Amino acid sequence: MTRQPLRLAILEAERILGTAGVASPRVDAELIAAHVLGVERTRLPMVPLVDPPVVDAIGQLVAQRAKRVPLQHLTGWAAMGRISVGVGPGVFVPRPETELLLAWGLTLLTGVRDPVVVDLCTGTGVLALAMAGERPDAVVHAVELDSVALAWARQNAELRAQGGDTPIRLYAGDATDPAVLSDLDGAVDLVLCNPPYVPEGTEVPPEVAEHDPAMAVFSGPDGLDVIRPVIAAAARLLRPGGGLAIEHDDTQGYRVTELLAARRVLTDVRDHTDLAGRSRFSTALRTAAA
Ligand SMILES: C[S@@+](CC[C@H](N)C(=O)[O-])C[C@H]1O[C@@H](n2cnc3c(N)ncnc32)[C@H](O)[C@@H]1O
């Protein structure tokens, strides 16, 4: 059995993925190799030679990725902040840009003891679980409408709780229901929401079209069908001084801030960009006066 340079296997994987139109072929090739070898991607240079079965295993995953199966479905996990969650068929794959929402929320909660947090449209539960991981004193409520996504969230929540994190409270519910979580009205410190926000009919990459559930992605003709009622829910749920952060696509910043500013009880409305300068999420605070 002749050992082979890992570098060559990765170069070949990068070539195949690049030809298939994968957006970041080198990164994905390295992450697949790291997954097969069971090492961190940064440790790959420490593995100069690999056995043929390893090359075969890398090749099989690369072939699936070349068919545009999401990388996270192949590795089985996605990261957010300092945690990772299980992902797979039937649930939205958490994206790196959503970390911005988490970071904003964590900053807002600085100095707030025993905060109450709500994550609307929780999917895998990733934002709620990342928050529970960072803030063990928080009571985190998470709402999801889709039963398959909710099953992933339950599984992820159980694993995080078994690992010692404060358990989150998961609800099967509709974030657009005018009474969603109404028991918490006026008592919530932070509402986070990464909703479906893509306008119906928008062309999306195969990873999204074929693997993210449509209800996790699309939301009416202008992409705002879930965002509108979520803003109403947050205005009702937040305590004075509490904050709301909603992710949106890079064309919606103006519309979302307009919707936030139209609410009498919301103030300090802002839109936030990512490192590439793209508008990514909007925030607002609940006024002191009702
Ligand atoms: C873009 S995904 C985000 C999931 C997760 N928060 C994340 O950042 O990875 C949107 C999620 O909202 C759920 N969803 C869509 N409409 C909903 C509604 N009306 N009420 C509750 N959840 C909803 C979808 O099933 C999906 O899991």
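The values are calculated or read from the model by the stated rules, or taken from the named source; none is laboratory data. Fair warning: this is a prediction, and the values are worked out from it, not measured in the lab. Reconstructed Cβ throughout: ideal geometry from the backbone, glycine too, with neighbour counts over all protein chains shown.
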Quiz item: What is the one condition in (1) over 27 Å from Val39 (Cα atoms); (2) within 9 Å of the ligand (Cβ to nearest atom) that Thr98 does not satisfy?
Solution: (1)
Quiz item: Does segment 176-193 include one or more residues that are more than 16 Å from Ala284 (Cα to Cα), without any contact (Cβ under 8 Å) to a residue 24 or more places away in the chain and either hydroxyl-bearing (Ser, Thr, Tyr) or not assigned by TED's automatic domain parsing to the domain that holds Gly253 (or both)?
Solution: no
Quiz item: Are any of the residues in segment 187-206 modelled with pLDDT of 95 or more, over 30 Å from Lys67 (Cβ atoms), away from the ligand (no atom under 13 Å from the Cβ) and surrounded by fewer than 20 Cβ atoms within 10 Å (Cβ to Cβ)?
Solution: yes
Quiz item: If you scan segment 20-48, which residues turn out to be at pLDDT below 95 and in contact with a strand residue (DSSP E or B) (Cβ under 9 Å, 6 or more places away or on another chain)?
Solution: Pro48
Quiz prompt | Qualifying positions in segment 165-186 - within 14 Å of the ligand (Cβ to nearest atom), hydroxyl-bearing (Ser, Thr, Tyr) and assigned to a loop (DSSP other than H, G, I, E, B) | solution = Thr176
Practice problem: Just give me the residues in segment 251-263 being assigned to a loop (DSSP other than H, G, I, E, B) and at pLDDT 95 or above, in sequence order. | Solution: Ala262, Arg263
Quiz prompt | Tally of residues being surrounded by fewer than 22 Cβ atoms within 10 Å (Cβ to Cβ), touching a strand residue (DSSP E or B) at 6+ places or on another chain (Cβ under 7 Å) and not in a helix (DSSP H, G or I) across segment 116-137 | solution = 1
Self-check item: Counted residues, segment 207-241 - those being touching a helix residue (DSSP H, G or I) at 6+ places or on another chain (Cβ under 8 Å), within 14 Å of the ligand (Cβ to nearest atom), assigned to a loop (DSSP other than H, G, I, E, B) and not small (Gly, Ala, Ser)
Solution: 2
Quiz item: What residue, of Ala284, Ala288, Ala234, is at pLDDT below 95, of a type in the set (Gly, Ala, Ser) and touching a strand residue (DSSP E or B) at 6+ places or on another chain (Cβ under 6 Å)?
Solution: Ala288
Quiz item: In segment 78-95, which residues are part of a strand (DSSP E or B), among the β-branched types (Val, Ile, Thr) and within 8 Å of the ligand (Cβ to nearest atom)?
Solution: none
Quiz prompt | Flag if Arg113 is surrounded by fewer than 17 Cβ atoms within 10 Å (Cβ to Cβ) and within 13 Å of the ligand (Cβ to nearest atom) | solution = no
Self-check item: For Leu260: the one exception among (1) surrounded by fewer than 18 Cβ atoms within 10 Å (Cβ to Cβ); (2) more than 16 Å from the ligand (Cβ to nearest atom)
Solution: (1)
